[in-house]
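Taking it in order: structure first as structure tokens, then the write-up.
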Amino acid sequence: MLRVRSYVTLLILLTACVAARPAAADPPETYDVEPGPFRVTVQLEGVFESQTMHEVILQPEVWSSLIVTRAIDQGTQVEKGDQILWLDTDRIENEIQDLEFQIEQGRLTIEQKEVELATLRKSVPLDLEAAERARRVAVDDLNYFLEIDEDLRRRSAEESLLSAKYNLEYAQEELDQLEKMYRADDLTEETEEIILKRARRDVDRRQFLLETTRARTERQLETDIPRTRIQLEESANRSQIALTRAHTTLPAQIKTAEIELARLRHNQENLERKLAELQADLEHMQVTAPADGIVYYGRCSRGKWPEIEARTKQLRKGGTVPANTVLMTIVTPGPSIVRVDVPEKDLHDLLEPRIGYVTPKAYPDLRLPAEFTRVNAIPIKDEVYDGEVLFEFTPGKQQIFPGMNCTATLIVFESDDTLTVPKKAVFTDDTIAGEKYVWVVDDAGGHERRNVTTGASSDDRVQITEGLDAGDTILLSAPE
């Protein structure tokens, strides 16, 4: 019994030791390198866009009131020269008529001013000469008065007074003599009285003449002659002032008239230029199709038509359209292109032309041969660039219109016989050099690191251009 128990204990211990030993590790997953076909493509989202488009833009010089009376419907097929937009022209036509009246009136005013200026140029020298002459006359009159006339007037006044005194004395003496004579002669009393009466009246008259002459003489000596002197001096001074003013103002009148005429001519030129601009604006308000094609509202932006809704509101009857803005676009049927969005990560694959095909979203089974031609170096938005794809399309049952969406599939690399491996089997060195390498399985079942050169790559595979040969086996994961 003891021997049996010992045997059982030993068996349990051996079983526990076996269970405690680690299980054997699974062998690493490998990949056999063999040449085969390999294609790398890039898929880009795009929009169909016509290669021939003509934008309709109103670019008036001065007129800003652009009110729609009628607009041709979007999608209409038009021919070059067909009217596609009608605008209200009543106000601009009235403005043009008013300007024509202003211009005609301005011409008449300019003609009058030209005559006035010509008259001034002739009359100003005559006026200056008259002012010079008036100055000379005033100075001559003053000098003559001071040198001769003032003294003559004083002497004449005094002489008139003295003559009046003498006349009075003569009349008085004659009266006295008659009175003596008549007292001694035998003349009749009546005759005597008549003669004496006349003599006495003559004395009275002489007495009155003396008094008036004395008053006039005093007036002349004390007032008139000094006043005349002052007047002549003032006249001379005023003539000098008038002459100075004439030399200043009369030429200035010519200059003022010249400036006024120049201003009128300038205004006339502005009015005529504005009239010409309005007439040109009126002519441009007769909006016609610049080419044969289909009418789209708004402008095309990389195949899209973002302004259709806004332009539809503006192009209704009574709507106001803005100037210097694309109102319509005439799209000419014919060769089209595809505008594609190129992500920044795919730029390195599209720096040269690539062939492929285009699949319209409306016809998912249709493949149109295509060629990627160029990419714009300036991004259209963050990490996205503008690309252009040409495609071949023969119109049939399918219809492709500008603005339809599509997918462009471009072949970046294609080979029928090249070495490729899964991407996960290629590792990158952590050093600055960043060498690519794989783990190659040797004949003894071990493995070694081998540097490789990679080429084109897809989402899960990469081309090996150097470092591996057909028949090599590599690890799909790094060894422990």
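The values are calculated or read from the model by the stated rules, or taken from the named source; none is laboratory data. These numbers come from a predicted model, not from an experiment. Reconstructed Cβ throughout: ideal geometry from the backbone, glycine too, with neighbour counts over all protein chains shown. Side chains included, ligands, DNA and RNA excluded: accessible areas come from the protein's heavy atoms. Shrake-Rupley method; radii C 1.70, N 1.55, O 1.52, S 1.80 Å.
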TODO: Have a look at V115, V124, V203, V137 and point out the one that is open to solvent by less than 60 Å² (accessible area, probe 1.4 Å) and modelled with pLDDT of 90 or more.
DONE: V124
- [ ] Take the residues in region 440-464 that are free of Cβ contacts under 8 Å to residues at least 24 places away in the same chain and in a strand (DSSP E or B), then tell me which one is nearest to P27 (Cα to Cα).
- [x] E448
Task: Filter result for T407 (in contact (Cβ under 8 Å) with a residue 24 or more places away in the chain, within 30 Å of L475 (Cβ to Cβ) and surrounded by 16 or more Cβ atoms within 10 Å (Cβ to Cβ)) - done: no
Task: Leading residue by the ranking (least open to solvent (accessible area, probe 1.4 Å)) among those in region 435-457 that are over 60 Å from the mean Cα position of the chain (by Cα) and of a type in the set (G, A, S) - done: G446
Open item on the list: When you check E150 against the structure, is it surrounded by 13 or more Cβ atoms within 10 Å (Cβ to Cβ), free of Cβ contacts under 8 Å to residues at least 40 places away in the same chain, out of contact with any Gly (no Cβ under 6 Å at 6 or more places or on another chain) and of a type in the set (D, E), yes or no?
Closed with: no
TODO: Could you grab the pairs with beta carbons closer than 7 Å, sequence gap of 6+ or different chains, first residue in region 191-205 and under 10 Å from E179 (Cα atoms), second one open to solvent by 90 Å² or more (accessible area, probe 1.4 Å) and part of a helix (DSSP H, G or I)?
DONE: A199/E174
Open item on the list: Taking the condition of being within 21 Å of A370 (Cα to Cα) and of a type in the set (S, T, Y), how many residues in region 305-344 meet it?
Closed with: 2
TODO: Could you look through region 208-256, keep only residues that are closer than 21 Å to I148 by Cβ and of a type in the set (S, T, Y), and pick out the one that is most open to solvent (accessible area, probe 1.4 Å)?
DONE: S235
TODO: Return the residue satisfying two criteria in turn: it lies in region 425-468 and is among the charged types (D, E, K, R) and touching a helix residue (DSSP H, G or I) at 6+ places or on another chain (Cβ under 9 Å), and of such residues it is modelled with the lowest pLDDT.
DONE: D459
- [ ] State yes or no: is R155 modelled with pLDDT of 90 or more, farther than 30 Å from A246 by Cβ and open to solvent by 90 Å² or more (accessible area, probe 1.4 Å)?
- [x] yes
Task: Residue in region 414-434 that is farthest from F38 (Cα to Cα), counting only those that are surrounded by 14 or more Cβ atoms within 10 Å (Cβ to Cβ) and of a type in the set (A, V, I, L, M, F, W, C) - done: F427
Task: Residue list for region 61-83, filter: open to solvent by 60 Å² or more (accessible area, probe 1.4 Å) and assigned to a loop (DSSP other than H, G, I, E, B) - done: E61, V62, S64, D73, Q74, E79, K80, D82
- [ ] Check region 285-300 and report whether any residue there is among the basic types (K, R) and surrounded by fewer than 15 Cβ atoms within 10 Å (Cβ to Cβ).
- [x] no
Open item on the list: Give all pairs with beta carbons closer than 6 Å in which a residue from region 295-311 that is under 14 Å from I330 (Cα atoms) meets a residue that is in a strand (DSSP E or B) and of a type in the set (K, R); count only pairs at least 6 apart in sequence or on separate chains.
Closed with: G303/R339
TODO: Please find, among E104, E132, E111, E79, the residue that is in contact with a helix residue (DSSP H, G or I) (Cβ under 7 Å, 6 or more places away or on another chain) and farther than 15 Å from V321 by Cα.
DONE: E132
- [ ] Consider only pairs whose beta carbons are under 9 Å apart and that are at least six residues apart or on different chains; among these, list those whose first residue lies in region 229-256 and is closer than 25 Å to L142 by Cβ and touching a residue at least 12 places away in the same chain (Cβ under 8 Å) and whose second residue is of a type in the set (S, T, Y) and assigned to a helix (DSSP H, G or I).
- [x] L232/Y144; L250/S123
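A quick yes/no check of all residues on (1) open to solvent by less than 30 Å² (accessible area, probe 1.4 Å); (2) over 30 Å from D469 (Cα atoms); (3) in a strand (DSSP E or B); (4) small (G, A, S):
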residue: V358; (1), (2), (3), (4): yes, yes, yes, no
residue: A362; (1), (2), (3), (4): no, yes, no, yes
residue: L366; (1), (2), (3), (4): no, yes, no, no
residue: A370; (1), (2), (3), (4): yes, yes, yes, yes
residue: N376; (1), (2), (3), (4): no, yes, yes, no
TODO: Search region 34-60 for residues being assigned to a loop (DSSP other than H, G, I, E, B) and at pLDDT 90 or above, and hand back the single one that is most open to solvent (accessible area, probe 1.4 Å).
DONE: Q59
- [ ] Answer yes if at least one residue in region 261-270 is in a loop (DSSP other than H, G, I, E, B) and either crowded, with 17+ Cβ neighbours inside 10 Å or touching a residue at least 24 places away in the same chain (Cβ under 8 Å) (or both), and no otherwise.
- [x] no
Task: Count of residues meeting criterion [without any contact (Cβ under 8 Å) to a residue 12 or more places away in the chain and surrounded by 17 or more Cβ atoms within 10 Å (Cβ to Cβ)] in region 465-480 - done: 0
Task: Residue in region 315-334 that is more than 24 Å from T69 (Cα to Cα), at pLDDT below 90 and open to solvent by 40 Å² or more (accessible area, probe 1.4 Å) present - done: yes
